[in-house]
Amino acid sequence: MEAKPHQPCAACRMLRRRCDTKCLLSPYFPADELDKFAVVHRVFGASNVIKMIQMVEETKREDAVKAIVYEAMARVRDPVYGSAGAIQQLQNMVQQLKFEVETMKARVSEVQQQTDQLLININTHTHHLHHNIDNPIPHHQFPINNNVQDPFFDDYYASFSSDPMDQFPLQADWVL
């Protein structure tokens, strides 16, 4: 069985040099990520990238390369500010969103207060309705001349039951 030839990494392909198994860049720039290395090379240069990677301990190199790639991409998008511009933009967005959250909290509080007041009004109105049903105006409080008999009023008051709840349905879905 033949040994599979080592495929050059994106860095070595772009720099047109031989890529061996000891290549420092091959773990971070595989052959199929040529565009990623091209951006990094254009912004920092290959020798500077190698120096930066060598300065970092091996366990942290992968994260360092991710940061280098991110900064290179940010520099291409914004040559003046790079990732600092992106960070500033994100911080501005966070401030704007915090303001919107506070505005929404205030609006929710306002609506909650309106709802609470509405419920108080409904409960007060319902309480007065029940109070009036439980305590109807007594017959003797009407200004009636007791010396004059009026058959209309006598029949009218006689039509009321002594229990006012007999006048209303037991179940009504329109009652609050």
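Any read-out appearing in this document is the output of simple, stated calculations on the displayed coordinates, not a laboratory observation. Here the structure is a predicted model, which is why all the values come from computation and not from measurement. Cβ coordinates were reconstructed from backbone atoms using ideal geometry, including for glycine residues, and neighbour counts include every protein chain displayed.
Values as computed for the structure displayed
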quantity: Among the residues listed as 103, 59, the single one being farther than 30 Å from residue 8 by Cβ and free of Cβ contacts under 8 Å to residues at least 12 places away in the same chain; calculated: 103
quantity: Positions within region 19-60 being of a type in the set (A, V, I, L, M) and part of a helix (DSSP H, G or I), in sequence order; calculated: 34, 38, 39, 40, 43, 46, 49, 50, 52, 53, 55
quantity: Total residues in region 7-33, condition of a type in the set (Ser, Thr, Tyr) and surrounded by fewer than 18 Cβ atoms within 10 Å (Cβ to Cβ); calculated: 1
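To keep it simple, each residue is scored yes or no on (1) of a type outside the set (Asp, Glu); (2) farther than 25 Å from residue 82 by Cβ.
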residue	(1), (2)
14	yes, no
20	no, yes
23	yes, yes
26	yes, yes
33	no, no
39	yes, no
42	yes, no
48	yes, no
